[in-house]
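Engineer: Once you've had a glance at the structure underneath, I'll fire off some questions.
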Amino acid sequence: MASKTGWRRALLPAGTLVLFVLVWEACCRLLRVDPWILPAPSSIARHMAEDAPRLAGQLWFTLRLALKGVGLGVAFGVAAALLFHLIPGVRAALSPIIIITQNIPLIALGPLLIVWFGFGLLPKLILLVLVCFFPVAWSMLAGLGQAEPHLREYLAMIGASRWEVLRRLELPASLPSFFTGLKLTATYSVTAVIVAEWLGASEGIGHYLVLKSKGYDTEGVFSALICIVALALAFYGAAALLERLAIRWRPRRTAPQGGKSA
Amino acid sequence: MSELAEPKLELQAVSKSYVRDKRPYPVLDRISLHVREGEFVTLIGPSGSGKSTLFRLIGGVERPDEGTVRIGGRETTGERGHISYMPQQASLFPWMSVAANISSALTTAGVGAAEAARLASQWLERIGLGDVAKEYPHVLSGGMQQRVSFLRALLMPRDVMCLDEPFAALDALTRADMQAWLLDLWEAERRSVLFVTHSIEEALTLSDRLYVLSRGPARVLREIAVPFPRPRRADVWKEPAFVRLKEEVLELLQKGAEAEHAL
Ligand SMILES: Nc1ncnc2c1ncn2[C@@H]1O[C@H](COP(=O)(O)OP(=O)(O)O)[C@@H](O)[C@H]1O
Ligand SMILES: [Mg+2]
């Protein structure tokens, strides 16, 4: 029974996607759309197959940069959340600066960072960290404060130390929010890494995208877009998987529905 | 048990008020009470009279405005870490196994990690919950969770156990079950207990002594010694003396309420 609902959940979106691609293909053929305006899915696929080694190389480069950025960003985010949570006043003091960093458009910030730090890895990492740390820090901070009041009261009554409250209650209670933030970060980071490469890189999918777009190679542009979307989906999937591995105490709401009654 | 020995817990003229709408709102009015070593003492009073507030003062989570709290023969007013505690909601940590819930509380009370783990599994086995020791608490029923919560309080090496309406959220059958279970376990272990309930039967069935509190601001209306011998049968409520005592307490509580209305 459970597998049936699982099937339906996977089948429906997949079906929509296939339909979308078919309609696209049909439009391109019937209306004879110029390939440099909108290439048909089949010709994009052909292009990707032909250019596969190069695409894979660029994707690998982008993936490594994104992982470094996400790793650093998440580390900064967790550290910021803990700092703000544990030391009163820090949050109020630093909030304006952090809000400002989140409101500067990447397109404006990127070139500035390059002016300041050159074309190396550093400006790209700074850009990525700025984008990645915020969702993690803010959701985790909310989670740390939202621990069940009756559990907090229990720990106070038995005289638990600040460290015990953090480790036994607040950290585990903040995990679901942390992962909400991580999933957001995982998605944003891919966009951010593309922007970073766009601004100044000699490799990576972002760089490839710039080249193809300057050469009006629309098939190439679409190939890059597909790689980017795939990367973003993979990042989100990885974050969701980590969440399932880390949070195992919650009674599953969806999965065993059918299984139990059978 | 000598009468001369200092009580495990002693409150002397403890008062507390909160501020509500910028005006003082008295909750506790010069409460004095004590719990001797190995004694089961119950506080009974209408809900909202300030029993949980009194526990917060004993636990050191808040300070009384006046009066002192002495635990284990030492003044501990406003100090935490001298009691073990069982609240109305089981308050087990959902991300820890049943055994880890118990052993982590023991380490807070200064028990070494290995000893805590050993005690937890040994006692879970003893109360028939050995099978679920490694499970997360959500697989347990409400009654089972309260058993674990009680065990957690019992095993903490602290001078007093404070139980705040531990059975109030359970259905009547489970509740009667739990009372009998607790009676058995406590009579074997004899810890010093301060128990809060608003059920008169529960108070009379379980305790050696009880304090009847008035409606808020709470005062001690009367101290009553419960005369039934130990070990006590769970069906002690059938005795005529039980019925008389119950009526006496009921009358006290009602009179307290009337006095309030008269003001
Ligand atoms: N932190 C607080 N601030 C203001 N009023 C409170 C606070 N805590 C409890 N009270 C009030 O004190 C009274 C006693 O509460 P409580 O001790 O929980 O009663 P009980 O446990 O006997 O039902 C209630 O009227 C409650 O609203
Ligand atoms: Mg209460």
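Engineer: Nothing charged except the Cβ atoms of Lys and Arg (+1) and of Asp and Glu (-1): what's the magnitude of the dipole of the stretch A:166-233 about its Cα centre? Round to the nearest 20 debye.
Structural biologist: 340 debye
Engineer: For B:F242, what is the net charge nearby, where nearby means another residue's Cβ is under 14 Å from its Cβ and Lys, Arg count +1, Asp, Glu -1?
Structural biologist: Once positives and negatives cancel, what remains is -1.
Engineer: Tell me the label-point distance for the pair A:T187, A:A56, using the 7 Å Cα-to-Cβ offset, in nm and rounded to one decimal.
Structural biologist: Simple spin-label model gives 3.0 nm for this pair.
Engineer: OK, next. Against the 2.2 N^0.38 Å scaling, with N counting residues, where does the stretch A:1-131 land? I'd like the Cα-based Rg ratio to two decimal places.
Structural biologist: 1.62
Engineer: Relative to the compact-globule scaling 2.2 N^0.38 Å, provide the ratio for the alpha-carbon radius of gyration of the stretch A:1-75.
Structural biologist: 1.63
Engineer: At 25 °C and 0.890 mPa s, what whole-number value in µm²/s does Stokes-Einstein give for the translational diffusion of the stretch B:84-214, with Rh from the Kirkwood sum over Cα pairs?
Structural biologist: Translational D for this selection: 163 µm²/s.
Engineer: What does the charge add up to near B:D159, with Lys and Arg as +1, Asp and Glu as -1, over the other residues with Cβ less than 15 Å from its Cβ?
Structural biologist: Charge balance in the 15 Å sphere: +1.
Engineer: Within 10 Å, count the other beta carbons around each residue, average over each peptide in A:96-107, B:104-115, and list them highest first.
Structural biologist: B:104-115, A:96-107
Engineer: Using a cut-off of 15 Å between beta-carbons, work out the net charge of the residues near B:A133 (Lys and Arg +1, Asp and Glu -1, B:A133 not included).
Structural biologist: Every neighbour counted, the sum reads +2.
Engineer: Taking only protein heavy atoms into account and a 1.4 Å probe, give the accessible area per residue of the protein assembly as shown in Å².
Structural biologist: 51 Å²
Engineer: Between A:D34 and A:A240, what FRET efficiency comes out of the Förster formula 1/(1 + (r/R0)^6) with R0 = 35 Å and r the beta carbon distance, rounded to 0.05?
Structural biologist: 0.35
Engineer: Label B:A13 and B:A225 with points 7 Å out from Cα along Cα→Cβ: what is the distance between them in nm?
Structural biologist: With each label placed 7 Å out from Cα toward Cβ, I get 2.6 nm.
Engineer: Using only the alpha carbons of chain A, what is the convex hull's orientation-averaged projected area in square nanometres?
Structural biologist: Quarter of the Cα hull surface area: 19.0 nm².
Engineer: I would also like to ask the following. Provide the convex hull volume over Cα atoms per residue for the stretch B:1-41, in Å³.
Structural biologist: Per-residue hull volume (Cα only) is 68 Å³.
Engineer: Just round it to a whole percent: the fraction of Cα-Cα distances in the protein assembly as shown exceeding 38 Å.
Structural biologist: Value for the protein assembly as shown: 49 percent of Cα pairs lie more than 38 Å apart.
Engineer: How large is the dipole of the protein assembly as shown about the Cα centre if only Lys and Arg carry +1 and Asp and Glu carry -1, each at its Cβ, rounded to the nearest 20 debye?
Structural biologist: 1120 debye
Engineer: Can you pull the accessible area of A:E148 for me, 1.4 Å probe, Å² to the nearest 10?
Structural biologist: Counting only protein heavy atoms, the figure is 90 Å².
Engineer: If you take each beta carbon of peptide B:111-117 and count the beta carbons of other chains within 10 angstrom, what is the mean?
Structural biologist: Counting Cβ atoms of other protein chains within 10 Å of each residue's Cβ and averaging gives 0.
Engineer: Measure nothing but the geometry: give the 0 to 90° angle between the long axis through the Cα atoms of A:41-50 and the longest principal axis through the Cα atoms of chain A, rounded to 10°.
Structural biologist: Result, in degrees: 90.
Engineer: Shifting gears a bit: Kindly rank A:168-175, B:201-208 from highest to lowest mean number of other beta carbons found within 10 Å of each residue.
Structural biologist: Answer by packing, highest mean first, reads B:201-208, A:168-175.
Engineer: Looking at chain A, how many pairs of lysines come closer than 29 Å at the Cα, when each pair is eight or more places apart or spans two chains?
Structural biologist: 9
Engineer: How big is the Cα convex hull of the stretch A:106-262 in projection, averaged over all directions, in nm²?
Structural biologist: For the Cα atoms of the stretch A:106-262, the hull's average projected area reads 14.2 nm².
Engineer: So, one more: Total Å² of accessible surface buried at the A-B contact, 1.4 Å probe, nearest 100?
Structural biologist: 2000 Å²
Engineer: Given a 1.4 Å probe and every protein chain left where it sits, what share in percent of the accessible area of the stretch B:111-219 is carbon and sulfur?
Structural biologist: 50 percent
Engineer: Any idea what angle helix A:121-145 forms with the longest principal axis of chain A, computed on alpha-carbon atoms, 0 to 90 degrees, nearest 10?
Structural biologist: So the helix axis and the longest Cα principal axis differ by about 40 degrees.
Engineer: Another question, if that's okay. What does the average come to when, for each residue of peptide A:157-166, you count the partner chain Cβ atoms lying within 10 Å of its Cβ?
Structural biologist: Per residue, the number of nearby Cβ atoms from other chains is 6 on average.
Engineer: Separate question: Once you place label points 7 Å from the Cα toward the Cβ at A:V23 and B:T68, how far apart are they in nm?
Structural biologist: Going from the A:V23 label point to the B:T68 one covers 8.2 nm.
Engineer: Let me ask something additional. Can you spot the lysines whose alpha carbon is less than 27 Å from B:K238's alpha carbon? Ignore those fewer than 8 places along the same chain.
Structural biologist: Here the lysines satisfying the reach criterion relative to B:K238 are B:K246, B:K255.
Engineer: Using only the alpha-carbon atoms, how far is helix A:90-103 inclined from the longest principal axis of chain A? Give it as 0 to 90 degrees, nearest 10.
Structural biologist: Computed tilt is about 10 degrees.
Engineer: In addition: Report the relative contact order of the stretch A:38-246, percent, no decimals, based on alpha-carbon pairs under 8 angstrom and at least 6 residues apart.
Structural biologist: This gives 29 percent for the stretch A:38-246.
Engineer: Need the per-residue list for the stretch A:118-156: every residue with at least 40 Å² less accessible surface in the complex of protein chains than in the chain by itself, probe 1.4 Å, sorted by number.
Structural biologist: When all protein chains are present, A:H150, A:L151, A:E153, A:Y154, A:A156 each give up 40 Å² or more of accessible surface.
The values are calculated or read from the model by the stated rules, or taken from the named source; none is laboratory data. The structure displayed is predicted, hence computed values, not measured ones. Glycine gets a Cβ as well: all are built from the backbone with ideal geometry, and neighbour counts include every protein chain shown. We work out accessible area using only protein heavy atoms, side chains counted, and drop any ligands, DNA or RNA first. Shrake-Rupley method; radii C 1.70, N 1.55, O 1.52, S 1.80 Å.
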